[in-house]
1. For the residues Tyr377, Tyr539, what sequence is obtained by ranking on other C-beta atoms within 10 Å, fewest first?
2. Among 294-300, 269-275, what's the highest-first ranking by average C-beta atoms within 10 angstrom per residue?
3. At 0.36 nm per residue, minus the direct Cα-Cα distance, what do Leu103 and Asp165 gain on full extension? Give it in nm, one decimal, please.
4. Percent relative contact order of the range 131-282, based on C-alpha pairs within less than 8 angstrom and at least six residues apart?
5. Among DSSP beta bridges lying fully in the range 152-400, give the percent that are antiparallel, nearest 5.
6. Assuming 0.36 nm per residue, please report the length gained on full extension of the stretch Gln79 to Lys172 beyond their Cα-Cα distance.
7. Assuming 0.36 nm per residue, please report the length gained on full extension of the stretch Asn141 to Trp496 beyond their Cα-Cα distance.
8. When we measure straight from the Cα of Lys218, which lysines land under 19 angstrom away, once same-chain ones fewer than 8 places off are left out?
Amino acid sequence: MDFLRDTLIQLGDEVEVQTEGLERWQLVTGTMVVTLATMTLSNLYSNRIDVYEDVRDWLFRAVRRIPAVQRYISKQLDQSRRDIEKSMFEDSGIKDKPPLNQLPPTGWSEEKVVQEASNLLTQGKYNWQEGRISGGAFCGNNSELSDLMEKMYGRFAFSNPLHADIFPGVRKMEAEIARMTIDLFNGDEDACGCISCGGSESILLAVKAMRDYGRAKKGITKGEAVACYTVHAGFDKAATILGMKLRKVRMDPKTCQVDLKAMKRAINSNTVLLVASAPNFPHGIIDDIEGVGALGVKYNIPVHVDCCMGGFLLPFMARAGYPIPPFDFTVPGVTSISADTHKYGNAPKGSSVLMYRNAEYRHHQYFVTPNWPGGIYATASVPGSRPGALVAVCWGALLYHGIEGYTEATRKIISTARRFKQLLREIPEIELFGDPLTSIVGFTSKKVDILKLGDVLNDRGWHLTFTQYPPGLHICLTTLQTKDNFAEDLAADVRWAVGHVQAHPPATAGVGKVYGTAAGIPDKSLVGEAAKVFLHCYYSTEPTKEPHEEKEEGKATANGTGKGV
């Protein structure tokens, strides 16, 4: 203490010497300048990644203004469009189906509608019902369940949960879906939830609730969320829509879990939400939920667990003989959880459950406008009118499976995943991403080009998922893959593909080319533009006509033999 006191006295004496002769206003002004400069430098340091990205993006925008660069980019995007259209219309077989651009003059018969729809369902080069795909479809080989879903959807096809007074039965179903799911995640009587149309909406609603909770409870006007960069892209979408900042931190290179030290450093006075994945999509890794929850408790920040992918696997894994670390409301600090019923819940696409530890959090999710001339308008989720049929089929799927059904499905899926994981470890050229415990098994390689490997497997009829940063592949196993020798067959083809790539290094051509090219482009906004080209093509009924085709058509029309505009 004496040393500290003497040091402070010496420091005070030195300050007096240095400021001798200065006016009071000079001292006040100088102190303000030094304080503001220190705060600015501190802010720049804590946001150094954002500053770097802002400067880099500014440079890229400046370069893109150069006419020659604009022409080059336009040419490359046009080529991307042609490649995408070839994939959509030629490679898929859809080109042989004439587009319907206008309503038929008279309505089709029931038989014709069903026949045309059945023909369209058979299009495509992947045999998804045989399980040669990653994710994509989580069920489809249970005819009894399919019949039940058709009956349930048909009976509730025209119901609308927005009008609970008209369809009270649908409201009851929806409340029961939320309550049954909360029970699976060990929520108590205070826990509550709601139904959304899918994982992305559940994520959006959770982020919105915590943004508004932080605004109301702490006065935070510019809310931020912190998550590992492996977190689902739905959080990027939510942050963009809600005008928030999503601070992404690194993962542990060995475990592929979120780096807790990096997450702690990213927390600041604007942080309204911490996010953990169970599991994450790229690698199938469950974050350290207890570690993230502890940070939430320490800094009084809500924690969301994104269990959209594992929602109807993780709660049954201990029962199935595969215990995992805590991930639900038993973890202190966890305030909300999202779980998709339309994945491993085996409900048709269009349903997810968002749960909260208590109603105070859910309160900030709601949208209400009391002074609309049409009446008091209030919704819990994004849509107004919603298909009650999706609520009904989800409710039916949960009751059809029950605890026993989901436990048995989990046992088969995890058993297949663990077997495939072990077989991959026996291939010297292949490395797993961490230690995946659930249904997604991600892998990479330092000895062969993993993207070329993916293209080779694609040519052999396997539709695996390409991942990036770092490049890799993964397969998301579902009930479609729970069959004898599936893991052995896929692992054998991976081993064969490794040898093929080593002996005959092919030019990356398919999906691998897209990901390889994207990784090499520093200006990611250009990658985004190419992705938007894909979305534009998605809504096209036929390929874009090239300029020479339009000229030929115009000539034919002039001669009276072509169609008019």
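Quick note: the coordinates plus some simple rules give every number you see, no bench work behind them. Quick caveat: nothing in here was measured; it's all calculated off a predicted structure. Neighbour counts run over all protein chains shown; Cβ positions are idealised from the backbone, glycine included.
1. In increasing order of surrounding Cβ atoms, one gets Tyr539, Tyr377.
2. Highest to lowest by the protection proxy: 269-275, 294-300.
3. Additional length available on full extension: 18.8 nm.
4. Computed over the range 131-282, the figure is 19 percent.
5. Antiparallel bridges: around 45 percent, rounded to the nearest 5.
6. Here the segment from Gln79 to Lys172 would lengthen by 28.3 nm.
7. Roughly 125.0 nm would be gained on extension.
8. Lys208, Lys245, Lys298
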